[in-house]
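Asks: First the structure, which I've put down as C-alpha cells, then a few questions once you've had a look.
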Amino acid sequence: MEGYTSSSYGDGFADIYDRWYGSLSDPDAIIATLTDLVGRGASVLELGVGTGRLALPLAAAGFTVTGVDSSAAMLDRCRAGDTASILRLIEGDMVDDLPDERFDVVLAAYNTVFNLLDTARQQACFAAVADRLNDNGRFVVEAFVPDELPTEISAAGEIIDDGDRIRVREITATSVTLSVSRHDPTQRIAEGQFIELSETGGVRLRPWMIHYCSPDELDALAVAAGLVLEARYAGFDLGTFGAESTRHVSIYRRA
Ligand SMILES: C[S@@+](CC[C@H](N)C(=O)[O-])C[C@H]1O[C@@H](n2cnc3c(N)ncnc32)[C@H](O)[C@@H]1O
C-alpha cells in the first residue's frame with residue numbers, strides 16, 4: 001500500500017482500538033501462562049505494545065514490563081491508561097529499536113509479528129528477539145492460522161473470489177464505517193481501510209496491512225534465529241492445537 005509505514009496502523013487505530021479490540025483475549029489467561037512459564041516478577045518485553053491492553057494487566061500482576069511500539073498515538077493512549085506508571089515504554093521499531101538487554105519473555109500478541117511486511121523483516125525480528133532472551137527465556141507468539149486455500153478458483157481455472165471485500169463495520173443515524181480490504185495470496189499480503197463517513201466528521205481512513213505466514217513458517221524463522229518450538233497451543237487458555245485450530249500461541253526457546 002503506497003504511503004503505508006510502520007506507524008500507519010497504530011496512528012489510524014489508536015482512538016478506537018480498545019473499543020473495537022479491547023476484549024479480544026483474556027489478559028488473565030496470558031498472566032497464568034506467563035506465570036507458569038517464568039514466574040511472577042519476570043521481565044517481559046512486549047513487541048507492539050499498543051494501548052497496553054495486555055501490558056497493563058501483566059505489570060499490575062507483578063511482571064516487569066517494557067513495551068515497544070512504532071506509533072506515538074498508540075503510546076499516548078497507553079501512557080494515559082498507565083496512571084500508576086508501571087510500564088516502561090519505548091517509541092521505536094520492533095526489529096531495529098529493541099533495548100540492548102535480556103528478558104525472561106518477549107511477547108508478540110495478536111498477529112503483531114504479521115505487521116512486519118516481508119519475510120526478511122520477520123526473520124530479522126526473530127533474530128533480534130533471540131539476542132534478547134535470557135538463557136531460559138521464551139519468545140511467545142500469538143497469531144492466526146492462514147487458510148490453506150484463501151482464494152476460490154473455479155474448475156475452469158477462473159478466480160471466482162479474488163479476495164476483495166467490502167463489509168459494514170458500524171452504522172449510526174449519522175455515520176457508517178465500511179471495511180474495504182483485498183488479499184494477495186501469492187505475496188501473502190492482506191491490506192485494507194476502515195472508512196468512516198459521518199455527517200459531522202467527514203471522512204476518516206484507518207489503514208492496515210499484514211504479511212501473514214503459517215505456524216510452520218514461523219517455526220522455520222525461529223530455527224534460523226537459533227530458537228526452537230517448545231510448545232504450541234490453540235490459545236492462551238492452552239487448549240490443544242490441531243488441524244481445526246484457527247489461532248495459535250507458540251512458545252520458542254533457545255535451541
Ligand atoms: C495488533 S496491534 C497489537 C497491540 C497489543 N499488543 C494488543 O495485543 O492489543 C499491533 C501493534 O504493533 C504496532 N506496530 C506495528 N508495526 C510495528 C513495528 N514495526 N514496530 C513496532 N510496533 C509496531 C502497532 O502500532 C500496534 O500498536
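The values are calculated or read from the model by the stated rules, or taken from the named source; none is laboratory data. This structure is a prediction, so every number in the text was calculated from the model and none was measured. In this analysis, Cβ positions are derived from the backbone assuming ideal geometry, glycine residues included, and neighbour counts consider all displayed protein chains. With ligands, DNA and RNA removed, areas are computed over all heavy atoms of the protein, side chains included. Shrake-Rupley method; radii C 1.70, N 1.55, O 1.52, S 1.80 Å.
Asks: Please specify each residue of the stretch 50-76 satisfying the condition of being among the charged types (D, E, K, R) and farther than 21 Å from residue 114 by Cβ. I'd like the intermediate steps shown before the answer.
Replies: Going through the stretch 50-76, the residues among the charged types (D, E, K, R) turn out to be 53, 69, 76.
Answer for the stretch 50-76, where residues must be among the charged types (D, E, K, R) and farther than 21 Å from residue 114 by Cβ: just 76.
Asks: For the stretch 231-252, enumerate the residues that are assigned to a strand (DSSP E or B) and either of a type in the set (A, V, I, L, M, F, W, C) or out of contact with any helix residue (DSSP H, G or I) (no Cβ under 9 Å at 6 or more places or on another chain) (or both).
Replies: If the condition is that a residue be assigned to a strand (DSSP E or B) and either of a type in the set (A, V, I, L, M, F, W, C) or out of contact with any helix residue (DSSP H, G or I) (no Cβ under 9 Å at 6 or more places or on another chain) (or both), then 231, 240, 247, 249, 251 are the ones that fit.
Asks: Sticking with this structure for a sec: If residue 239 meets every condition in (1) of a type outside the set (S, T, N, Q); (2) surrounded by 13 or more Cβ atoms within 10 Å (Cβ to Cβ); (3) under 21 Å from the mean Cα position of the chain (by Cα) apart from one, which number is that one?
Replies: Checking residue 239 against (1) of a type outside the set (S, T, N, Q); (2) surrounded by 13 or more Cβ atoms within 10 Å (Cβ to Cβ); (3) under 21 Å from the mean Cα position of the chain (by Cα), the one that fails is (2).
Asks: Mind checking whether some residue in the stretch 212-221 is open to solvent by 20 Å² or more (accessible area, probe 1.4 Å), aromatic (Phe, Trp, Tyr) and touching a strand residue (DSSP E or B) at 6+ places or on another chain (Cβ under 9 Å)?
Replies: No, there is no match, as no residue in the stretch 212-221 is open to solvent by 20 Å² or more (accessible area, probe 1.4 Å), aromatic (Phe, Trp, Tyr) and touching a strand residue (DSSP E or B) at 6+ places or on another chain (Cβ under 9 Å).
Asks: Looking at (1) polar (S, T, N, Q); (2) more than 25 Å from residue 211 (Cα to Cα); (3) open to solvent by less than 10 Å² (accessible area, probe 1.4 Å), which one does residue 71 not meet, given that it meets all the others?
Replies: (2)
Asks: On the basis of being touching a residue at least 60 places away in the same chain (Cβ under 8 Å), within 7 Å of the ligand (Cβ to nearest atom) and not aliphatic (A, V, I, L, M), does residue 93 make the cut?
Replies: yes
Asks: Quick one: how many residues across the stretch 40-63 are open to solvent by 20 Å² or more (accessible area, probe 1.4 Å), of a type outside the set (A, V, I, L, M) and in contact (Cβ under 8 Å) with a residue 24 or more places away in the chain?
Replies: Residues meeting the conditions: 4.
Asks: Which of the residues that make up the stretch 6-20 are in contact (Cβ under 8 Å) with a residue 40 or more places away in the chain and not hydrophobic (A, V, I, L, M, F, W, C)?
Replies: 6, 7, 8, 9, 10, 11, 12, 15, 17, 18
Asks: Quick check: is even one residue across the stretch 185-206 crowded, with 17+ Cβ neighbours inside 10 Å and not in a strand (DSSP E or B)?
Replies: Yes: the stretch 185-206 contains one or more residues that are crowded, with 17+ Cβ neighbours inside 10 Å and not in a strand (DSSP E or B).
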